[in-house]
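The values are calculated or read from the model by the stated rules, or taken from the named source; none is laboratory data. Quick caveat, the model's predicted, so the values are computed rather than measured. Methodologically, a virtual Cβ is constructed for each residue, glycine included, from the backbone with ideal geometry; neighbour enumeration extends over all protein chains shown. Just so you know, the surface numbers come from the protein's heavy atoms only, side chains and all, with ligands and any DNA or RNA stripped out. Shrake-Rupley method; radii C 1.70, N 1.55, O 1.52, S 1.80 Å.
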Amino acid sequence: MNTQRLHIAIQKNGRLAERSLELIEAAGYRLNRGASDLAYSVDNAPIDIWRVRDDDIPTFVANGVADLGIVGRNVLAERSAGADGEGLREVMQLGFGRCRLCIAAPVGFEYAGPASLNGARIATTYANLLSRFLKQEGVAAEIVPMRGAVEVAPRLKLADLICDLVSTGATLEANGLKPVATILESEAVLVRSARGLGPELERLADSLISRFRGVVASQGAKYVMMNAPRSALPRIAAILPGAGAPTVMSLAGRDDEVAVHAVCQESVFWETLEALKATGASSILVLSIEKMM
Ligand code: PRP
Ligand code: ZN
């Protein structure tokens, strides 16, 4: 019997496309990018990557055409705010593709809270989320549904405002728009279908998920080493951001000083190092972590 293959749907073009491929490669899967434009295969595991429009990813996964998908939470939220939100499960956040779904107005527009939107026409590809927001805020505005290039709608007098994703803000700025309200915070997530995959694919999916967790956990995490007076240990443990119990080792010929090693899950800033120094710590080293499990 042929080995079953695991199928992962990712965005073909756009903000998440390259980062999704990088994540898959960082997890140790060797991509064969040449194969075809729609599908990349993995050389060292029975995995295929479907490259599709991000808006189609939930449908692919819900229908079982793909087993897993990497997609913005915004796309999932728009789907579940509508009629067909079933069949998907969010497995984990992936730590990239952060953005906000915002209502944006021409730079001169005076915004004093949601009531300012009464009577306005708002263009968006997120009609379900926008409609839910307007209802929650008790605002009577007209939604102008679009399929893309929403940012040009005000200039074309198709709408007064827009509701669209903002990540760097460059698109809004280039079009003379400014964000006035945030209706959703989003980032890339891994989704899977709610149904089981069968034992073989389930094992493959489990291993991929735990590798992804390792990659995501190691991003931003740092390995911190220093020498410190034994008496400063409680203060040091309180300063190290997001560290568990640090490893403490004795130094040859010294009773008062120890070596302290810790994995910090949060950013280690210069201020952190200064605070450590102030406890009497010396030779402080901060190292990147390549893999973690
Ligand atoms: C979003 C959005 C804007 C752009 C904003 O597109 O539609 O075009 O990102 O990013 P910026 O604030 O950094 O300029 P996305 O990549 O999600 O693709 P899609 O909306 O075409 O699916
Ligand atoms: Zn899209």
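Miscellaneous remarks
- For the chain, lysine pairs separated by 8 or more sequence positions, or belonging to different chains, with Cα-Cα distances below 30 Å total 8.
- About the Cα centre, charge dipole magnitude for the stretch 99-186 (Lys/Arg +1, Asp/Glu -1 at Cβ), debye: 180
- Taking every protein chain into account, the accessible area of the chain amounts to 51 square angstrom per residue (probe 1.4 Å).
- Helical mean residue ellipticity (222 nm; -39500 (n - 2.57) per DSSP H run of 4+; nearest 500) of the chain: -7500 deg cm²/dmol
- In units of the rule-of-thumb radius 2.2 N^0.38 Å, the chain shows an alpha carbon radius of gyration of 1.27.
- Spatial offset of the stretch 70-136 relative to the stretch 37-52 amounts to 31 Å, using the alpha carbon center of each.
- Spatial separation of Cα centroids for the stretch 255-281 and the stretch 143-213, in angstrom: 39
- For the stretch 149-248, trypsin sites (Lys or Arg not before Pro) are listed when DSSP marks them as loop and at most 14 other Cβ atoms sit within 10 Å of their Cβ; the list is Arg155, Lys157, Arg195.
- Charge dipole of the chain (Cα centre as origin; +1 on each Lys and Arg Cβ, -1 on each Asp and Glu Cβ, all else neutral): 100 debye, rounded to the nearest 20.
- 5 angstrom amide H check on Leu165, placed H, neighbours 5+ away: Cys102
- Sparsely packed GluC sites (Glu not before Pro) within the stretch 187-219, loop by DSSP, other Cβ within 10 Å at most 14: none
- Sequence-separation-based contact order of the stretch 99-186, relative, with Cα cut under 8 Å and 6+ spacing, percent: 49
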